[in-house]
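*Asks:* Sharing a structure below in structure tokens format, with a few things to ask.
Values quoted throughout were computed directly from the atomic coordinates according to the rules given, and no laboratory measurement underlies them. In this text, all values refer to a predicted model and were calculated from it rather than measured experimentally.
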């Protein structure tokens, strides 16, 4: 059941032409692809799953598909949390994983994550940026969230 706050947002996503299937809000974990990726994270004990999600964007051949971008954004959020600068609201599974892993977020992987965020925000080559661009009232919130994430990774 949708709360009253979510229903108008879901309607806007459906009726705006932004066919972002499996997405219900602008947050990094507000879509099925990111939450599916969390299952992979839960099975890992190091940064390899995070690094692979970031590499998925970097290695995309000219166009970044929305699922690839969504997983990379989630991975970047986990890095920020590991570095002590978490988002205001993380899924419980992510918070638990971060709390139980004392992993170093070095400058190289943080720089890679910032690069990935810039690539995902490019309207020319990112499906996710294009989809959010089809819903102007939400696009600015989505972009602001990614700008905030990039700053937390500095």
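*Asks:* With the Cα gyration tensor of the chain in hand, convert its eigenvalues to equivalent ellipsoid semi-axes via √(5λ) and list them largest first in whole Å. Walk me through the numbers before you get to the answer.
*Replies:* On the way: eigenvalues 121, 64, 36 Å².
Calculated on Cα positions only, the semi-axes equal 25, 18, 13 Å.
*Asks:* A further question follows. GNM on the chain, C-alpha springs below 10 Å: top fluctuator among 65, 124, 43?
*Replies:* Among 65, 124, 43, the largest GNM mean-square fluctuation belongs to 43.
*Asks:* For region 124-153 and region 79-97, what is the separation of their C-alpha centers, rounded to whole Å?
*Replies:* 20
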